[in-house]
Protein chains: 2
Amino acid sequence: MFRLIKQQGKARRGEYITPHGVVQTPVFMNVGTQGAIKGALSAADLERIGTQIELSNTYHLHLRPGDEVVRQLGGLHRMMTWNGPILTDSGGFQVFSLSGLRKITEEGVTFASHIDGHRIFMGPEESMRIQANLGSDVAMAFDECVENPSPREYVKASMDRTYRWLLRCRDEQLRLRSLPDAINPGQVLWGINQGGDYEDLRVEHMQRIAELDLDGYAIGGLAVGETTETMYRIIETVEPHMPADRPRYLMGVGTPGNIIEAVARGVDFFDCVMPARNARHARLFTWSGAINLKNAKYTLDESPIDPECDCPVCRRYTRAYLHHLFKAEEMLAMRLSVMHNLYFYNQLTARIRQAIEEGTFDSFRAEYAKRLDRRI
Amino acid sequence: MFRLIKQQGKARRGEYITPHGVVQTPVFMNVGTQGAIKGALSAADLERIGTQIELSNTYHLHLRPGDEVVRQLGGLHRMMTWNGPILTDSGGFQVFSLSGLRKITEEGVTFASHIDGHRIFMGPEESMRIQANLGSDVAMAFDECVENPSPREYVKASMDRTYRWLLRCRDEQLRLRSLPDAINPGQVLWGINQGGDYEDLRVEHMQRIAELDLDGYAIGGLAVGETTETMYRIIETVEPHMPADRPRYLMGVGTPGNIIEAVARGVDFFDCVMPARNARHARLFTWSGAINLKNAKYTLDESPIDPECDCPVCRRYTRAYLHHLFKAEEMLAMRLSVMHNLYFYNQLTARIRQAIEEGTFDSFRAEYAKRLDRRI
């Protein structure tokens, strides 16, 4: 259940109640693809860096260890010892991006595992069953994510099928939730808006899924090839048709600047692998811009990654030490860097929330939207 | 300074005072080759797993980031934020084991970097200067470690040269310690006994280096090809000639059983990369024997790695979760496993100390020396 606390322009300060606790929004979800954060971060680490909600991937966990295994282990929360909220994606994005051969029918998608190539079928019902086994708090609807740009005819047909899949997701989740042995009977379903970069299709699809009175709505199919300007334009086009009393989630986005700009356009939830991936390549975010710790100028630099940051890494270690760890290819380099970048993102949304509360979001946006994305 | 607290048979319970704190012995030193523990463990983690003393490698830190860099960063303690005792090896072992081409003269060794092949010269003075720059609490003498078995003539000549190198190490360290800008003016030198598997050479060399009244003595050149029985025989041969009021360090050893057996023969200090390396390959120690977490039988096993263990990993995570992390090739698998295995080794020596204090070391040895090394 979503509660809107305050609004400044389109920017929204809210809170979302899940079976595993309340999420303060806007929020960045920390991505633990396979039930662990890339870079050797544990559930204990998530607690240390201010994570509110974790996101895991249905496709990956279906393959390894298998969602039936997760179910027998009491669900994902218990398996990974993360007691906060969890959102699972539907598997759709990975089916379309990771597996080479695939065949789409009305029923669903047949595809080859990216691990061993064996054929797997996944449709709306399968996706909901997997997510029920994982026991996440928010399950995402099974959709097709088309790349941008794609032919209008294909986007229209895909979008209509995604709508029919959504109805099947809703029905299957209702059935699964009511089973006596449901892992998480409070699991809810969020719908995903599609329609490529065609504004009229986006609006039509959004209006249709809004009528279903789902618990939350995502904008999908962005950050898949289009320009940033197109992405912002689509958000602006779709947003007026999203229910104001439901959370809005922009999937797979983005840079700190993207997040600030999307909040300014009415978005509440975000996720992205970029901060963790960048960290593993020594690209660290600071409140003055992004730095590359492999740069030789940090060899003797005894300041923390970001003097303005209070994360466990900045409080203890120097740029010089991290520079050495990267050069020496020590795993600890990745771990400490991922911790910093995720803390930075969690802190970024915390400061966005504070700015909206205090009515200073406009000046926050003016000060940071460009600065945080630049490389220094 | 070493103080012998209690003795049971040959087994010794003691304490060793360093400029960065007191080490309770017998002790296992946790190996942070390049200023970080392999497996993404930080200095903060070492504090969590009961580490008393950390060991780093002179050869590796000389190459990366360079000991002059470490010196400018205030020494190794400050660079890695580890405020407990540090022992550094001399670089000798790596010079002989890692670099292909090398040339030994009376002056020292010319060898090729294992990273980029560039030629490096290291002799006793260079090793002591590097270790002074690192600022460790205990510096090891520069020696040649010959493999077992080697021809008697070669071992004898090498051992005599190692003795002459030791005299140069002692003189150079005295000079370096007295410099006004010494990183760690309290750094001491430990000598290393050599002599291959020739008992008379071992004894002769031990007697000669004992006369130098050094702060500690190591037995080197073991666990380099000889049988376990030969290793134990050499320890038994050398030990009576080691000063009773100085710590004894068995370099690069070993399994839990090896450590118990060596303590029973009068050894106080140990180090080994094996527990961390085994952990990275899913081989975990328990008080019932060693297990392999990749084994399919752990897929649904919700018990901790070792029900008898109180480490941060066993208190929170299940075998099933770690099994999944290894199968999914998540870095977190390595991190959690290394934490457990090092905690196990730290706990092993803690229990050995307690047993000696209580006069029950014989029964501890009888119960665990074989059990801990077996695979279950």
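The values are calculated or read from the model by the stated rules, or taken from the named source; none is laboratory data. The model shown is predicted, which means the values in this text are computed figures rather than measured ones. Ideal geometry is used to build each Cβ from the backbone, glycine not excepted, and the neighbour counts take in all protein chains shown. In case anyone asks, the SASA skips ligands and DNA or RNA and just uses the protein heavy atoms, side chains included. Shrake-Rupley method; radii C 1.70, N 1.55, O 1.52, S 1.80 Å.
Quick look at the values:
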item: Residue under evaluation residue B:355, criteria (1) more than 13 Å from chain A (Cβ to nearest Cβ); (2) within 17 Å of residue A:36 (Cα to Cα), criterion not met; result: (2)
item: Checking residue B:62 against (1) buried (at least 22 other Cβ atoms within 10 Å of the Cβ); (2) touching a strand residue (DSSP E or B) at 6+ places or on another chain (Cβ under 9 Å); (3) under 23 Å from residue B:250 (Cβ atoms), the condition it does not meet; result: (3)
item: Qualifying residue in the stretch B:227-245 (condition: at positive phi and surrounded by 21 or more Cβ atoms within 10 Å (Cβ to Cβ)); result: no
item: Residue count, the stretch B:160-190 (criterion: in contact with a Phe, Trp or Tyr (Cβ under 9 Å, 6 or more places away or on another chain) and within 20 Å of residue B:104 (Cα to Cα)); result: 5
item: When residues of the stretch A:78-121 are limited to those that are touching a strand residue (DSSP E or B) at 6+ places or on another chain (Cβ under 9 Å) and among the hydroxyl-bearing types (Ser, Thr, Tyr), the one surrounded by the most Cβ atoms within 10 Å (Cβ to Cβ); result: A:90
item: Residue identified as open to solvent by 20 Å² or more (accessible area, probe 1.4 Å), touching a Pro at 6+ places or on another chain (Cβ under 8 Å) and among the charged types (D, E, K, R) among A:129, A:152, A:177; result: A:177
item: Residue match in the stretch B:69-90 (condition: within 17 Å of the chain's Cα centre (by Cα) and at pLDDT below 95); result: yes
item: Residues located in the stretch B:15-59, provided they are within 14 Å of the chain's Cα centre (by Cα), surrounded by 23 or more Cβ atoms within 10 Å (Cβ to Cβ) and of a type in the set (Ser, Thr, Tyr); result: B:25, B:51, B:56, B:58
item: Evaluation of residue A:262 against (1) touching a residue at least 40 places away in the same chain (Cβ under 8 Å); (2) under 16 Å from the mean Cα position of the chain (by Cα) (one fails), failing number; result: (1)
item: All positions within the stretch A:130-171 that are in contact with a helix residue (DSSP H, G or I) (Cβ under 7 Å, 6 or more places away or on another chain) and among the hydroxyl-bearing types (Ser, Thr, Tyr); result: A:136, A:163
item: The stretch A:356-376 residues that are among the hydrophobic types (A, V, I, L, M, F, W, C), paired with ones that are modelled with pLDDT of 95 or more and surrounded by fewer than 11 Cβ atoms within 10 Å (Cβ to Cβ) (beta carbon under 8 Å, 6 or more apart); result: none
item: Condition met for residue B:197 (open to solvent by 30 Å² or more (accessible area, probe 1.4 Å), of a type in the set (Asp, Glu) and more than 21 Å from the chain's Cα centre (by Cα)); result: no
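So that you can scan it fast, the table gives a plain yes or no per residue for (1) in contact (Cβ under 8 Å) with a residue 60 or more places away in the chain; (2) within 21 Å of residue B:276 (Cβ to Cβ):
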position: B:199; (1), (2): no, no
position: B:202; (1), (2): no, no
position: B:210; (1), (2): no, no
position: B:217; (1), (2): no, no
position: B:238; (1), (2): no, no
position: B:246; (1), (2): yes, no
position: B:250; (1), (2): no, yes
position: B:255; (1), (2): yes, yes
